[in-house]
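The values are calculated or read from the model by the stated rules, or taken from the named source; none is laboratory data. Worth saying up front: this structure is predicted, and the values here are computed from it rather than measured. Note: accessible area is taken over every heavy atom of the protein model, side chains too, but ligands, DNA and RNA are not part of it. Shrake-Rupley method; radii C 1.70, N 1.55, O 1.52, S 1.80 Å.
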Amino acid sequence: MDALTSLQIVELQRTLLDLQNELQQLLERTIDSSKAVDLDQPIGRLSRMDALQQQEMAKANREGHQRRLKLIESALLAIKQQRYGECRRCEEPIGYLRLKVRPESPFCLACQAQIEGGA
Ligand SMILES: [Zn+2]
């Protein structure tokens, strides 16, 4: 796998900044929907369960977005520190094609597979 060229880094940085913006806005917009359901509210049992379920989903979504935002932030930091594109586990280049799909990836494909496989 080849290390990134400076042009590729510039391009990926732009993608990361766009993603960061998008996620921040998304998180801002969904603050209300993940707020605790008021159980004292006089709503029926079914609609209360609906509300709880929707709240759970909104919360899970937000947590996913927040996790991704953290990865994006550390990728942007890595660009500043000139170690972007390097796998944090084996220190091999992650590869441009993989970063093009997920520019926030902190690991190369092989390490990611091992981490997800629990090895
Ligand atoms: Zn690796």
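Annotation: amide H of residue 86 within the under-5 Å range of 94, sequence separation 5 or more or interchain, hydrogens built in the peptide plane. Backbone phi angles across the range 96-105, fed through the Karplus curve with coefficients 6.51, -1.76 and 1.60 (θ = phi - 60°), yield HN-Hα couplings of 4, 4, 5, 5, 5, 7, 10, x, 8, 4 Hz in residue order; Gly and Pro are listed as x. Bridging of residue 59 to aspartates and glutamates at a Cα separation below 20 Å is possible for 22, 28, 32, 38, 50, once same-chain residues fewer than 8 apart are set aside. Suppose a student asked you for the relative contact order of the chain, using Cα pairs under 8 Å spaced at least 6 residues apart; what percent would you report? Here the relative contact order equals 35 percent. In the full protein context, the chain carries 72 Å² of accessible surface per residue, based on a 1.4 Å probe and ignoring ligands, DNA and RNA. Only helical runs count toward this figure. For the chain, summing -39,500 (n - 2.57) over DSSP H runs of n ≥ 4 and dividing by all residues gives -21000 deg cm²/dmol at 222 nm.
At 1.4 Å probe size, with the rest of the protein present, what percent of the exposed accessible area of the chain is carbon and sulfur atoms? Carbon and sulfur together cover 52 percent of it.
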